[in-house]
Structure formats: C-alpha cells, structure tokens
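The values are calculated or read from the model by the stated rules, or taken from the named source; none is laboratory data. All figures in this text were calculated on a predicted structure; none of them were measured in a lab. Cβ placement follows ideal geometry from the backbone for every residue including glycine, while neighbour counts extend to all protein chains displayed. Keep in mind that these areas ignore ligands, DNA and RNA; they rest on the heavy atoms of the full protein, side chains included. Shrake-Rupley method; radii C 1.70, N 1.55, O 1.52, S 1.80 Å.
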Amino acid sequence: NKKAFVELLFWKSPAAVREMTEGYGSLQEGEGASRSRAPPWTPQEEQELRELYWKYKEVEGEDVIAAILAHLPAPGRTRRQVVKQLVRL
C-alpha cells in the first residue's frame, strides 16, 4: 500500500494495525472492536435486573452486584455490564 504512511499519522486500535499489516479485510466477522461490544439488554432482562436489585439492595453484609449476578438468568453478563445498566436505569 503506497499510502500507508498517511495512515501512520493517526492513532490506531490494535485491530486496525493488525488489519493494516495483514491486509485489509483480513479481520474475520466477530473480531476486533465489534467483538468487545456487549449485547443490548432486552426489556425482559431489564425487568429482571430491576426486580433483583430491589430484592437484594437491603441485604446487609452482602455484595448486591454479586447476588444479582448469581441470580441473573442471562449468562455471560459481566459485573461491569450489570453496574453500568443499573446506573442507566
């Protein structure tokens, strides 16, 4: 690529650098920035999250988020995702 020097003038993510070095279009579906994006919360998951929060928020001596994660029916949610969604709600 004769114009790669121009691309070097701007900040790149590791996925973009890998694509530049291995050839454009080398990243497969599900890799790079799109892989790290969390799936959106469905209305049913939001309702479950609300109910679990109200159930465990008054329990003393227990981590509320840990209790919610243990009882959340949707597997694969991280602590950070749950906290972020609770703040948003």
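Residue count for the stretch 9-24, restricted to those that are modelled with pLDDT of 75 or more and of a type in the set (Phe, Trp, Tyr): 1.
Taking every residue in the stretch 67-84 that is within 17 Å of TYR56 (Cα to Cα) and in contact (Cβ under 8 Å) with a residue 24 or more places away in the chain and pairing it with any residue that is aliphatic (A, V, I, L, M) and open to solvent by 40 Å² or more (accessible area, probe 1.4 Å), at least 6 positions away or on another chain, the pairs with Cβ-Cβ distances below 9 Å are VAL82/LEU69. VAL6 meets all of the listed conditions (1) at pLDDT below 85; (2) surrounded by 10 or more Cβ atoms within 10 Å (Cβ to Cβ); (3) over 19 Å from the mean Cα position of the chain (by Cα) but one, namely (2).
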